[in-house]
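Worksheet for the structure shown next.
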Amino acid sequence: MTRYDVAVIGGGPAGVQAAVSARNAYPTKTIVLIRKEQIALIPCGIPYVIHSLSSVDDDILPDAMLEKNGIDLIIGEVMGRTGNDLILSGGTEIRFERLVVAAGSTPVKPKIPGIEKDGVHLVKKDYEYLKAFRQSSKNAHHVLVVGGGYIGVEMADEFLKAGKAVTLVEMQPALLRNAMDPEFGDVVQDELEGRGAEVITGGRVEEFTGDGSVAGVTLAGGRSINADFVVVSVGFTPNLSLAERLGVDVRKDYGVIVDEYMRTSQDGIFAAGDCATKFNCYTGECARVMLASSAMAQGRLAGANLYEIKVVKSFAGTLGAFATKVGDVALGVVGLTEQQAQDMGMHYVVGTTKGVDRHPRKLPNASIVHMKLLYARYSHTLLGAQMCGGDSVGEQINTLGVIIQNKMTDMEIDTLQIGTHPLLTSSPLGFPIINATVDSIMKWYKAVEN
Ligand SMILES: Cc1cc2nc3c(=O)[nH]c(=O)nc-3n(C[C@H](O)[C@H](O)[C@H](O)COP(=O)(O)OP(=O)(O)OC[C@H]3O[C@@H](n4cnc5c(N)ncnc54)[C@H](O)[C@@H]3O)c2cc1C
């Protein structure tokens, strides 16, 4: 029996972050991180092992951060617990005072006939699997990606860069439909099609065809498409079987039930990341969001509050902040989309702008940025932001996340003091966050006057 003060299950972003935060908050405690895989990966980098990175090894999450922080690492699978003793496969027992469950998520495997055929792949966060995936993709001629969420479009883009013929099939009427409003999904579709992909929206794969190895798919309606390499990316589901064996309450499909401090139904046991429930930051309802942005915030809170509530600030609810890049177009979203606001029955005003992210616009690396902001009609707080354009999108969307989390109003944003520089930002007169906000204020003024 080995004893630790703190045990963390999971070597993904949430687990590592929880362990490091625990070290920062409780310098004298002994901490162990237990994970299944010998080699951990940076999950967000997985699409880029196809082409942009020269090997899967370039996407390894280094263990140096654990070593530097005096966190022990045990490779093994946790099977369950007896009281405060974790039982690992092989029989090893680890005693803990506090436990963080960060067991993550696994890809959804839809029940489509033929999915077991050779050449049909899921997107697994697994080093050996991805090495074989990368290797066999090199011989592929026609790649078919099922699923037009952000992972599917990133995969399609990488296969295009690798010179493959690519078809992307998405069931919904637009790409990125669960994350962004359709006008942004349409930009992604144009970008992929412009690079030679065939994009089919509103299409449903009914069967993977071929004898033994995949040879293509049949869509609802009867159309057949040839493909010798298929990637199925239709979502992820939280890993809850371990949590159930540990005796903590879970909500099926959503995660381990946690409070604002990531505490589960069992004293001394916390959960964070993809396996933990998230709450919509406006309605408090359970949200099916699995992103590194939420996982890291939850991991930080769990680690910091293991023995007492040190960080009095609780988890504000998930903002769903993320950014991606397809071809030359970067996209970002945080907070509510217009569709989500409508579904929730919220009253809102939309402000939009189109501007350039350098000034004057003829400078190198200048790109057009399209921003859409959603303001609450009566409280005037920012509800959500979406944008597309050049690489500046990545950081601008984070600024908007801070604004939303701090519940700033349109009038406060209108008077923000923004630092600008020709080579780095939009012009002070054309700053997208301000201009989209002013557009929203003007609509509200007009509505009040009428
Ligand atoms: C291809 C891809 C691209 C992505 N891109 C982005 C992006 O650009 N931006 C973004 O915000 N998010 C992105 N995400 C989502 C993000 O990666 C996840 O939200 C994040 O990985 C969640 O971290 P986690 O630590 O909760 O879980 P995981 O990363 O799933 O880690 C779970 C860990 O738990 C371990 N584990 C599970 N069960 C046991 C057990 N019984 N015993 C021991 N160990 C166990 C696993 O081995 C693993 O180490 C992407 C995801 C994928 C798959």
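Given G80, T2, P43, which one lies farthest toward the positive end of the charge dipole of region 1-118, if we put +1 on the Cβ of every Lys and Arg and -1 on the Cβ of every Asp and Glu? The residue sitting most towards the positive pole is G80.
Region 1-50 and region 161-185 have Cα centres lying 33 Å from one another. Among beta bridges identified by DSSP and lying wholly in region 168-326, the antiparallel ones come to about 70 percent. Counted by Cβ distance under 12 Å from R377, the other residues give a net charge of 0, where Lys and Arg count +1 and Asp and Glu count -1. For region 44-192, the number of Lys pairs separated by eight or more positions or lying on different chains, with C-alpha atoms closer than 15 Å, is 5.
Each distinct pair of alpha carbons in the chain adds a 1/r term; the inverse of their mean, the Kirkwood radius, is 23.5 Å.
Measuring nothing but protein heavy atoms, the accessible surface of the chain at 1.4 Å probe radius is 51 percent carbon and sulfur.
Around the amide H of L61, modelled in the peptide plane, lie the amide H atoms of A40, L41, I42, all under 5 Å away and 5 or more residues distant in sequence or on another chain. For D58, the solvent-accessible surface with a 1.4 Å probe is about 80 Å², rounded to the nearest 10. Here the 3J(HN,Hα) profile of region 213-219, calculated from phi with Karplus coefficients 6.51, -1.76 and 1.60 at θ = phi - 60°, is 8, 5, 10, x, 9, 10, 8 Hz, Gly and Pro shown as x. M79 contributes an accessible area of around 80 Å² to the protein surface, as traced by a 1.4 Å probe with all chains present.
If you bin all the Cα-Cα distances of region 260-374 at 5 Å, starting from zero, the percentages per bin are 2, 10, 16, 16, 14, 12, 11, 9, 6, 3, 1, 0, 0.
Of L291, L130, the residue with the largest accessible area leads and the full order is L291, L130 (1.4 Å probe). Averaged per residue, the chain has 45 square angstrom of accessible surface, using a 1.4 angstrom probe with ligands and nucleic acids left out.
Rounded to the nearest Hz, the phi-derived 3J(HN,Hα) couplings of region 251-263 under the Karplus curve 6.51 cos²θ - 1.76 cosθ + 1.60 (θ = phi - 60°) are 10, 3, 6, 10, x, 5, 6, 10, 8, 5, 9, 6, 7, where x marks glycine and proline. Listed by chain and number, the lysines whose C-alpha is less than 19 Å from the C-alpha of K443, apart from same-chain residues fewer than 8 away, are K354, K372. Accessible area of L61 (1.4 Å probe, protein heavy atoms only, ligands and nucleic acids ignored): about 50 Å². Reducing region 66-90 and region 367-419 to their Cα centroids gives an inter-centroid distance of 42 Å.
Considering just Cα atoms, how many Å³ per residue does the convex hull of region 137-240 enclose?
113
Annotation: aspartates and glutamates with alpha-carbon distance below 19 angstrom to K362 (same-chain offsets under eight excluded): D328, D391. Among the trypsin sites (Lys or Arg not before Pro) found in region 299-368, those both in a DSSP coil and sparsely packed, with 12 or fewer other Cβ atoms within 10 Å of their Cβ, are K313, K362. Here the gap between M65 and D186, fully extended at 0.36 nm per residue and compared with their Cα-Cα distance, gives a gain of 39.6 nm. Taking all Cα-Cα distances within region 7-143, those exceeding 28 Å account for 30%.
In the chain, with Lys and Arg counted as +1 and Asp and Glu as -1 at Cβ, which of these residues, A25, T420, A341, has the Cα nearest the positive end of the dipole, that is, farthest along it? About the Cα centre, the residue reaching furthest to the positive side is A25.
The values are calculated or read from the model by the stated rules, or taken from the named source; none is laboratory data. These figures come from a predicted structure and were not determined experimentally. Cβ atoms come from the backbone with ideal geometry, glycine included; neighbour counts cover every protein chain shown. Calculation scope for accessible area: heavy atoms of the full protein, side chains included, ligands and nucleic acids excluded. Shrake-Rupley method; radii C 1.70, N 1.55, O 1.52, S 1.80 Å.
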